[in-house]
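The structure under discussion appears below in the form of C-alpha cells.
The values are calculated or read from the model by the stated rules, or taken from the named source; none is laboratory data. Nothing here was measured: the structure is a model prediction, and the numbers come from that model. Cβ placement follows ideal geometry from the backbone for every residue including glycine, while neighbour counts extend to all protein chains displayed. The protein model used for the area step is the full one, side chains on, heavy atoms only, and it has no ligands, DNA or RNA in it. Shrake-Rupley method; radii C 1.70, N 1.55, O 1.52, S 1.80 Å.
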Amino acid sequence: MMLRRNLVLLLLMWVGMQTAYSQPRVRQEFNQDWKFYLGDEAGAKSPGFNDGKWRGLTLPHDWSIEGKFDEKNPAKPEGGGLPTGIAWYRKSFTLSTLLQKKNIFIEFDGVYKNSEVWINGQLLGKRPYGYSSFNYDLTKYLNPGKNVIAVRVDNSAQPDSRWYSGSGIYRNVWLTATENIAIDHWGTFVSTPSVNKTAAKVSFKTQIRNKSRLKGQIDVQSQVYNAKGKLVASIRTDHIVLKDTLMEVTQSTTVNQPELWSVNNPHLYKVVTKIFSGKRLVDNYETPLGIRYFNFDAAKGFMLNGEYMKILGVCMHHDLGALGSAINVRAMQRQLEMMKEMGANAIRTAHNPPAPELLDLCDKMGFLVMDEAFDMWAKKKNKQDYHLNWNEWHVRDLQDMVKRDRNHPSIILWSIGNEIREQFDSTGVAITKELVKLVKDLDTTRLITSALTETDAKKNFIYQSGALDIYGLNYNHKLYKDFPKNYPGQKFIATETTSSLDTRGFYDMPSDSIRRWPKDGKTKLTEGNAEFAASSYDNVSAYWGSTHEETWKEAKKYEHVSGLFVWTGFDYLGEPLPYPWPARSSYFGIVDLAGFPKDAYYMYQSEWTSKPVLHVFPHWNWAVGKTVDVWAYYNNADEVELFLNGKSLGTRAKKGEELHVVWRVKYEPGILKAVSKKNGKVVLVKEIKTAGEPAKIELSVDRASIAADGKDLSFVTVRILDEQGNLVPDADNLVQFKLEGAGTIAGVDNGFQASLEPFKADYRKAYRGLCLAIVQAKERSGGIKLTATAVGLPGGDLTIKVK
Ligand code: GAL
C-alpha cells in the first residue's frame, strides 16, 4: 500500500516536472547542494577538483556571521568585528534532457564581493560590487552529463565598508531556461505614462533576444491581470520581423477604472508577456505592475494619487541581525511589519541596491522606496572600498540597478549616492551629470536625488551640476525652515535624519538634558557609560544629528519637507558609534538588533498612526528615594494622569510642539499607573510594576505555525519574569535552548550592542530581561519543541507547527 502511494507520488512529481520543463521559460532556485570552503584553493575552479571534504550547505549563506567577534578582525568594529577573507563555493548538477535543449542562465542576486564564476572550468566573469545582481549565459559550456559551477568570493581586502557587509553568496541564485527567441534578462519595462481614476495608460517595452539564426516573424502579446487573476487589458502585435540580436518592441494599452496602488492599498496587477513564433509560444514572462501616480511639489511636498501625504521613512541596511546578511524573506517581512505597525510608509535602501525580495515585499506591503546605488564614487571612504572599482564598473552597476528595479511600483526615488565626497569639489559636477543621464536613459518615471551634507549650495558641486530632480539633505534639521527661501522652487526631501543613540531598556537621567556623543568632530567620546549603553529617553544623539523628537518636530512643521528617512529603522551590525570595542553594532535603530522596539518606537507610533497609543517608561525598579523621570508618549487623548501606588501624581497634557509628557517622581516601589483620557473618558491604561527576583522564563512566538520549506522562521521572544509575571528589567540570565523536531536554531540575540556572544549558538544571555531565538523550519512537516532553561529557574517551552 505504502509502496504504491510512493510510486504514485513519484509519478505525479515526474509529470509535474515534465510539465514545468515543457514551459518555454523555467526559472528555479539554484540554492541547494552547494559545497563551501573557507580559504583559497587554487584548483577549485577545475571541474575535476575533489570537494568531497568541503562542507555542504544551502544558499543564501554569509560566512562572516558564523565567525567569532574579534577586535583584530580586519573589517574592524566599524565593519562588525567579524571575519571576512576568501572562500569558494561549488555545485555539481546534471540538467534534465528537456532543459538540455534550452538556453541556460545562472543569476546571482548578490555575492559579497569580488565574485568570479566558472562553469566547467571556463571563467564566466567577475563582479566586484557586492550589491549588484548579475547573470551569466551557461549554454555553450554545458555538458549533457555532470556540470560544475565554481565561485570564488574575495572579501579579504579590508577595511572595505563603513558597516557590516557580510561575506559570501548571501542572496538567492537562480537557474533560468529559455528558448532561442526569448525576452532578455530584465527585458521588460512596464510603466504608466498617464493615470487617473477612470483610466490608466500602460506602456510596455519588451527586449527580445534572438539566439536562433531564424529571420522569421514573431507576435508579442502583453496582458494585464488584476490581483484576482482577471484579465483586464491586452495588446497583441503580430508579424514583427525578427532581428538577429536584440530588439525592442513597444506597445501600450489602457486599463479602465484602475485600482490604484498606494501605501494603504497596495493593489498589484501582473503583466504577462507572451512571444509567439508562428503558433508556438516561445516565451511567457511576468512583470509586476502597480498603477499609481505621484508628484513632488517644492512648496507642498509629496502627493500620491492626487493626495498630499508625508513620506515617513526609515533607512535600513541589509543585514538581518543574528542571521547576518544571508537574506531571508520572512526576516525582512518581519522588519517591514514592525515598521508598518509604527506608521512608517517608506524605506531607503541605505546605501546600496537591496535584495530583489525586499522590493517585492515593499510592492506588496505598501512601502515607498528610495533605491540607492552607492556610498562612494571615485573618492574613497575606506581604503579598500568600491572607489577602486569605480572607473571600470559604475556605469554597469548603476544601469543594472535601474534595469532590475524599474518595474517596482514601490520605487519613487533613485539615489545616485550617499554623502559622496565629490560634492565638495568640482569633479562632482561631471559625475553627477553622467550618473543622472545613465538613469534617465533607462527610466524617467522617478525622481533622482543624492543624499547631500554640504549645506552651502555654492560649494556643493553635486547640487551645482543642476542635474538632480530633488534636493536630498542629510541631517541639518534646523535648515528645513528656510529651505524655500534659500532654494526657491527647489523640491526637497530629508534623505537621512536623526542618528539618535539608544539602548533598549537603559535610562540615563536627568532625561531632559541632551547628550551629544561625540560632541563634535574633533573630540573623541569622553563620556559614555560603563554599560556601553545609550539612554533610551531619546536624549542622546551624534552631534551631526538630533534626537528623534528634535528632527520630527521640524519635519512635521513644514509642508515643503516632502518626507524624511530616519537613521535607522533597526540597529544594524557595525558602526557602533559612539563606543569603542566591544561595541560592534549600531545604536541608531528605533528597534534593536533582535527586533525589540526601543521607547522611541512609540513616539513615532503616536505621531504616525491613528491607532491609540499610550507608552509609559522607564521600568519601575530603582533605588528608593531616587528621582526618576517618567515619560509618556500618547495620542487620541487630551491628557494623561499618573498614579503611584494609587496616589495621583498629576495630570499632564502635551503643549505646543511637545511630543511627550513627563513627571519627575521620587521613587518608591510599587505600581505606576498611567491613564489617558479624552473628554474625561478613559482611552487607555498602562501599568508598570516593580519586579522581584527572576523566577520564571516565558516564551512567546510571532508565528506558531510555519511552512516546511527550509526557510520559514519563527521568532521566539524569551522574557525573564518574577513570581508575579513582571518583566525583570535588569535580568541577564544565561538562557540555554534545546530544540527537538522539524527545525533548527538559525540564530540567537538579545539586542545588546556590545555583546560578543556568537549569533549562531543555542544559548544567549538575556539583556535587560529579554533574548531571542530564531527558529527555522526544516523541509519536512512536523512539530518543533523549543525549551529554554536557566540556572535556578524552572524552564519554559513552546511548540511550533511546521506544515
Ligand atoms: C551618516 C551616514 C550613515 C551613517 C550615519 C551615522 O552620515 O550617511 O551611513 O554613517 O551617518 O550617523
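Okay, here's what the table says:
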{"read-out": "F737 vs. criteria open to solvent by less than 40 Å² (accessible area, probe 1.4 Å), among the aromatic types (F, W, Y) and either free of Cβ contacts under 8 Å to residues at least 24 places away in the same chain or not in a loop (DSSP other than H, G, I, E, B) (or both)", "value": "yes"}
{"read-out": "Condition met for E554 (of a type in the set (D, E, K, R) and within 12 Å of the ligand (Cβ to nearest atom))", "value": "no"}
{"read-out": "Region 139-183, residues that are under 29 Å from H387 (Cα atoms), among the basic types (K, R) and away from the ligand (no atom under 16 Å from the Cβ)", "value": "R152, R171"}
{"read-out": "Residue selected from region 450-464 under the condition under 16 Å from E419 (Cβ atoms) and away from the ligand (no atom under 16 Å from the Cβ), by the criterion surrounded by the most Cβ atoms within 10 Å (Cβ to Cβ)", "value": "Y463"}
{"read-out": "Count - residues of region 694-722 that are in contact with an Asp or Glu (Cβ under 6 Å, 6 or more places away or on another chain) and open to solvent by 50 Å² or more (accessible area, probe 1.4 Å)", "value": "1"}
{"read-out": "Residue within region 414-428 that is closer than 24 Å to Y129 by Cβ, more than 16 Å from the ligand (Cβ to nearest atom), charged (D, E, K, R) and open to solvent by less than 10 Å² (accessible area, probe 1.4 Å) present", "value": "no"}
{"read-out": "Single condition R162 does not satisfy, out of (1) open to solvent by 40 Å² or more (accessible area, probe 1.4 Å); (2) within 27 Å of D51 (Cα to Cα)", "value": "(2)"}
{"read-out": "Any hit, region 334-344, residues being under 12 Å from the mean Cα position of the chain (by Cα) and either open to solvent by less than 10 Å² (accessible area, probe 1.4 Å) or within 16 Å of the ligand (Cβ to nearest atom) (or both)", "value": "yes"}
{"read-out": "Strands (runs of 3 or more DSSP E) (entirely within region 414-505) containing at least 2 residues that are in contact (Cβ under 8 Å) with a residue 60 or more places away in the chain", "value": "447-452, 492-498"}
{"read-out": "Residue ID - farthest from R584 (Cα to Cα), chosen from residues in region 497-522 that are open to solvent by 10 Å² or more (accessible area, probe 1.4 Å) and among the acidic types (D, E)", "value": "D512"}
{"read-out": "Conditions (1) within 16 Å of the ligand (Cβ to nearest atom); (2) surrounded by fewer than 21 Cβ atoms within 10 Å (Cβ to Cβ); (3) under 17 Å from I411 (Cα atoms); number of the one not met by N352", "value": "(2)"}
{"read-out": "Given (1) touching a residue at least 60 places away in the same chain (Cβ under 8 Å); (2) buried (at least 21 other Cβ atoms within 10 Å of the Cβ); (3) of a type outside the set (K, R); (4) assigned to a loop (DSSP other than H, G, I, E, B), number of the condition N382 does not satisfy", "value": "(2)"}
{"read-out": "Within region 251-303, strands (runs of 3 or more DSSP E) holding 1 or more residues that are acidic (D, E) and crowded, with 16+ Cβ neighbours inside 10 Å", "value": "280-289"}
{"read-out": "Residue tally, condition of a type outside the set (S, T, Y), open to solvent by less than 60 Å² (accessible area, probe 1.4 Å) and more than 16 Å from the ligand (Cβ to nearest atom), over region 485-496", "value": "2"}
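Yes/no per residue for (1) away from the ligand (no atom under 16 Å from the Cβ); (2) under 26 Å from H477 (Cβ atoms); (3) modelled with pLDDT of 95 or more:
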position: F532; (1), (2), (3): yes, no, yes
position: S562; (1), (2), (3): yes, yes, yes
position: V566; (1), (2), (3): no, yes, yes
position: P578; (1), (2), (3): no, yes, no
position: A600; (1), (2), (3): no, yes, yes
position: T609; (1), (2), (3): yes, yes, yes
position: V616; (1), (2), (3): yes, no, yes
position: V624; (1), (2), (3): yes, no, yes
position: T627; (1), (2), (3): yes, no, yes
